[in-house]
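Written out below as structure tokens is the structure these notes cover.
The values are calculated or read from the model by the stated rules, or taken from the named source; none is laboratory data. Because the structure is predicted, anything quoted here is derived from the model rather than measured. Please note: Cβ atoms are built from the backbone with ideal geometry, for glycine as well, and neighbour counts cover all protein chains shown.
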Amino acid sequence: MKIRTKLFIAFFLIIGLPMVLLSVGAVTFTSYHMDELYALQVETATAEEIAQAVKLYAIEVREYISNLMILICLIVPIIVICLVIWIYHSIVTPIHMLQMATQNIKNGNLDFEVEVHNQDEIGELCEDFEEMRIRLKDNAEEKLRSEQQQKELISNISHDLKTPITAIKGYVEGLIDGVADTPEKQNKYLQTVYSKAIDMDRLINELSFYSKIDTNKIPYTFNRINVVGYFEDCAEDLGRELEDEGFGFSYQNYVDDSVQMIADAEQIKRVINNIVGNSKKYSDKAETTIRMAVKDVGDFVQIEIEDNGRGIAAKDLPYIFDRFYRTDASRNSSKGGSGIGLSIVKKIMEDHGGKIWAASKEGVGTVMYLVLRKYQEVPVNE
């Protein structure tokens, strides 16, 4: 019941009800005694009898009004008390509850609950307040999770930067102190320093790109791309790189030459390189093979990147695309990354209107599935 309806009922009970009682009483009393006076006239009563009847009528009117006023004076306070209790419970109590809720929020307590009992404007206000509290609590919890993730990221970065820096420092000291006393040793030391510098550069680039993701400032350049030509170029570059590093690679295309898609070529290449980089990083077999296939699935193009590496544990698989998440294997490995590579991949795919998911079995390998929508021209009716 709305507050204005409650106030209307209260006004009627306090003001209108006594007036109704007075009106009904007056009409009833007058009607009854007018019948008596009329009866006297019909019977041709004397003037003295009529005067006496009027006098008695006036006395009865005074007594009736007096009794009616006493009754009203008894009824009105009871009505007022009931209305005060009713209004207190329906208006004052919820307002007091909201006041306590406001104080709790002020003190940083978001675990209380605002109970809604009324269906009026104050009840709606309580519902809105409860929704606000829930959102504030969710935001506070998200902030705490983000802060914890930031701490883990800093810890991971410190570890990942410290490892190559320590190695670089050691090899440079070896060169300075003359430990590398042959050209072969010197070349080996320099190659190691260069490799560690590459690792540091990769990590810094990931962090820089992640900062853009976190603020939705990724610079996309979308263009119409021929699917077959684009992925053949990617496969050619990957094949040379993986062959130089001792990995096997195969590529299959099952898409028609005319198929196109709208995408940022550079960012999709980043997605593929990140996934392949993970396959290389966590390979545990003497002969690791990476397979890439491009398939036609209706209105979409599906890219599959498969490896025969160590695989991902079932308990880790649902979380591998979460920011800062690192599997037990990566935490315990000297090759463990920052935990943001696959979150970058997921963000890029979502910004392209696509999807990504993984299937994996420990000891067998992992398959990453990427889905992008085809470009389709809409015919224009002339």
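Taking N273 as the residue in question, decide whether it is over 35 Å from the mean Cα position of the chain (by Cα) and of a type in the set (S, T, N, Q). For N273, the condition - over 35 Å from the mean Cα position of the chain (by Cα) and of a type in the set (S, T, N, Q) - is not met. Inspection of segment 73-84 identifies no residue that is closer than 19 Å to G123 by Cα, assigned to a helix (DSSP H, G or I), modelled with pLDDT of 70 or more and touching a Lys or Arg at 6+ places or on another chain (Cβ under 8 Å). Only one of the numbered conditions (1) within 19 Å of K355 (Cα to Cα); (2) out of contact with any helix residue (DSSP H, G or I) (no Cβ under 7 Å at 6 or more places or on another chain); (3) in a strand (DSSP E or B); (4) not aromatic (F, W, Y) is violated by I268, and that is (3).
Here is the figure for segment 166-194: residues that are surrounded by 13 or more Cβ atoms within 10 Å (Cβ to Cβ) and of a type outside the set (K, R) total 14.
Got at least one residue in segment 226-241 being in a strand (DSSP E or B) and more than 15 Å from T366 (Cα to Cα)?
yes
Residue pairs whose Cβ atoms lie under 7 Å apart, separated by 6 or more positions or on different chains, with the first residue in segment 215-233 and farther than 17 Å from Q376 by Cα and at pLDDT below 90 and the second in a loop (DSSP other than H, G, I, E, B) and not β-branched (V, I, T), are Y220/D264; T221/D264.
Tell me which residues, restricted to segment 299-321, are of a type in the set (D, E) and over 14 Å from K355 (Cα atoms). Of everything in segment 299-321, those that are of a type in the set (D, E) and over 14 Å from K355 (Cα atoms) turn out to be E306, D307, D316. Considering only residues that are basic (K, R) and within 36 Å of the chain's Cα centre (by Cα), look in segment 200-240 and name the one that is nearest to N253 (Cα to Cα). Top of the filtered list is R224. For segment 306-325, which residues satisfy the criterion of being out of contact with any helix residue (DSSP H, G or I) (no Cβ under 6 Å at 6 or more places or on another chain), touching a residue at least 24 places away in the same chain (Cβ under 8 Å) and outside any loop (DSSP other than H, G, I, E, B)? Residues satisfying the conditions are E306, L317. When E236, E245 are screened for being farther than 22 Å from G298 by Cβ and at pLDDT below 90, only E245 passes.
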